[in-house]
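The values are calculated or read from the model by the stated rules, or taken from the named source; none is laboratory data. The structure presented is a predicted model; accordingly, all values stated were derived computationally and were not measured. So basically every Cβ, Gly included, is an ideal-geometry build from the backbone, and we count neighbours across all protein chains shown. We work out accessible area using only protein heavy atoms, side chains counted, and drop any ligands, DNA or RNA first. Shrake-Rupley method; radii C 1.70, N 1.55, O 1.52, S 1.80 Å.
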Amino acid sequence: MPTASGLKDSLGIIKHLTFLRFINVVILNISYLSSRLFKKSLHAGMPFSLSIEPTTACNLGCPECPSGLKQFSRPTGKLDIELHQKMLEEVKRHVFYINYYFQGEPFLHPQFLELIKEAKRNKIYTATSTNAHFIDYKKAEEIVNSGLDRLIISIDGITQSTYEQYRVHGQLNKVLEATAHLVSAKKELGMNTPYLIFQILAVAPNENEIEDVLKLGKELGVDEVRIKTAQLYDYKNGHPLMPENESYSRYRKKADGTYILKYKLGNYCWRMWSGSVFTWDGKLVPCCFDKDAQHQLGDIKNQTFRSIWKNERYNLFRKQVFSKRKDIDICQNCSEGSKVWI
């Protein structure tokens, strides 16, 4: 049953719909359903959501994260303010939801909240995800005043010894203090936003503390707690981070002792219609599973967004999704449908 704050958050997204944005969503849905029905890519419309990467830099060293492990083949950097303005100018007629997160820790971008404010000036719902190590009370007030609509806080345990097994170099006390600051700032400023979400990445070290995280979230006053299954790159023969409880995992064990992805990989994907991802340097990639930007479909620095969205390379990628999705590397570990909502 959705909470009152959850309903307000959902309504907050809907309120960013204009007539033209609504018509575009209808067109997207019709073309996607037609593609499912006829089993081929029949694409029309423009995306209504985007992910924009503020930076690839990160202060942590999480073991399954290329950003934390510094294992990118692409360059590290931060989004230029003028490039961001060009992105918004290109998409503002149809996009009404932007997640300011891809890889890296967003609050390491020195002008991160300026990105949020610019999106809000264009009547776009904004969200981001953080490890919450850079949020003191002053920053919490700035976040609330920026208009940020949703903030996901990663919390992977209720003790430092558990938390740091995945969030390497992280300090749990900073996460808890930041959360308290945000809850307090919202109350003192009389604001309902940002909608605060505790998100626990379910892994073997913390699976026995998940129920305690749910309780902690309620005690601290966050709006929602989510359990997210972990993407493991080498899972076939098991993995030290894989939870024993399969309900917390996106993999299942076969009779021969090996593991496979729990969810069926069909030849379709709504993300190819609904959204796309900008890297910090303006490259457009199909979705958030292309962490190293191996499937670059265009560059906003020297192309229009519409020309990229409609180009032959993008359409060929969509066609492959509708014919041989299992052959696409980034699709082989896809978590569509793998979140547990609390």
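Remark: segment 141-248 carries a charge dipole of roughly 160 debye about the Cα centre, counting +1 on each Lys and Arg Cβ and -1 on each Asp and Glu Cβ.
Taking amide H as placed 1.01 Å from N in the peptide plane, the amide H of Tyr101 sits under 5 Å from that of Ile52, each at least 5 places away or on another chain. The coefficient of translational diffusion for segment 180-293, derived via Stokes-Einstein from the alpha carbon Kirkwood radius under 10 °C and 1.306 mPa s, stands at 92 µm²/s. For segment 1-60, the carbon plus sulfur part of the accessible surface works out to 73%, probe radius 1.4 Å. Legend: helices of the chain (whole DSSP H runs) are marked when their alpha-carbon atoms reach 20 angstrom or more along the helix axis and their mean Kyte-Doolittle hydropathy is at least 0.5; marked are 19-38.
Normalised radius of gyration (Cα atoms, divided by 2.2 N^0.38 Å) for segment 105-219: 1.08. With a threshold of 22 Å on the Cα-Cα distance, the over-threshold entries among Lys139/Lys187; Lys78/Lys326; Lys262/Lys326; Lys40/Lys228 are Lys78/Lys326; Lys40/Lys228.
Might you report the magnitude of the Cβ-based charge dipole of the chain about its Cα centre, with Lys and Arg at +1 and Asp and Glu at -1, to the nearest 20 debye?
1600 debye
For the chain, with every protein chain kept in place, what is the accessible area per residue (1.4 Å probe, Å²)?
46 Å²
Other residues with beta-carbon under 9 Å from the beta-carbon of Gly12 carry, at +1 per Lys or Arg and -1 per Asp or Glu, a net charge of +1.
Applying the criteria of a DSSP loop state and at most 16 other Cβ atoms within 10 Å to the trypsin sites (Lys or Arg not before Pro) of segment 236-312 yields Lys236, Lys254, Lys262, Lys264, Lys301, Lys310. P(r) for segment 60-158, please, calculated from all Cα pair distances in 5 Å bins and given in %. P(r) for segment 60-158, in whole percents per bin: 2, 11, 22, 23, 18, 14, 8, 1, 0. Here the mean projected area of the convex hull built on the C-alpha positions of the chain is 17.1 nm². Per residue, the chain reaches -10500 deg cm²/dmol at 222 nm when only DSSP H runs of four or more residues are counted, each adding -39500 (n - 2.57). Summing charges over neighbours of Gln332, with a neighbour being any other residue whose Cβ is under 10 Å away from its Cβ, gives 0 when K and R count +1 and D and E count -1.
Legend: translational diffusion of segment 216-282 by Stokes-Einstein, Rh = Kirkwood radius over C-alpha pairs, 37 °C, 0.692 mPa s; D = 214 µm²/s. A protection proxy built from the mean count of other Cβ atoms within 10 Å ranks the segments 54-63, 325-334, most packed first, as 54-63, 325-334.
With all pairs of different C-alpha atoms in the average, the Kirkwood value for the hydrodynamic radius of segment 1-100 is 16.8 Å.
For segment 225-289, applying the loop criterion from DSSP together with a ceiling of 11 other beta carbons within 10 Å to the chymotrypsin sites (Phe, Trp or Tyr not before Pro) yields Tyr233. For segment 247-342, the calculated P(r) over all alpha carbon pairs, in 5 Å bins from 0 to the bin holding the longest distance, is 2, 12, 20, 21, 16, 12, 8, 5, 2, 1, 0 percent.
By the rule of a second cysteine Cβ within less than 4.7 angstrom, the chain holds isolated cysteines at Cys58, Cys269, Cys287, Cys288, Cys331, Cys334. Specify which residue in the list Gln294, Gly12, Val321 is farthest towards the positive end of the charge dipole of the chain, using unit charges on the beta carbon of Lys, Arg (+1) and Asp, Glu (-1), about the Cα centre. Sorting the options by dipole projection puts first Val321.
Taking the Cα centre of segment 25-179 as the origin, how large is its charge dipole in debye, to the nearest 20, when only Lys and Arg (+1) and Asp and Glu (-1) carry charge on their Cβ atoms?
Computed charge dipole of segment 25-179: roughly 660 debye.
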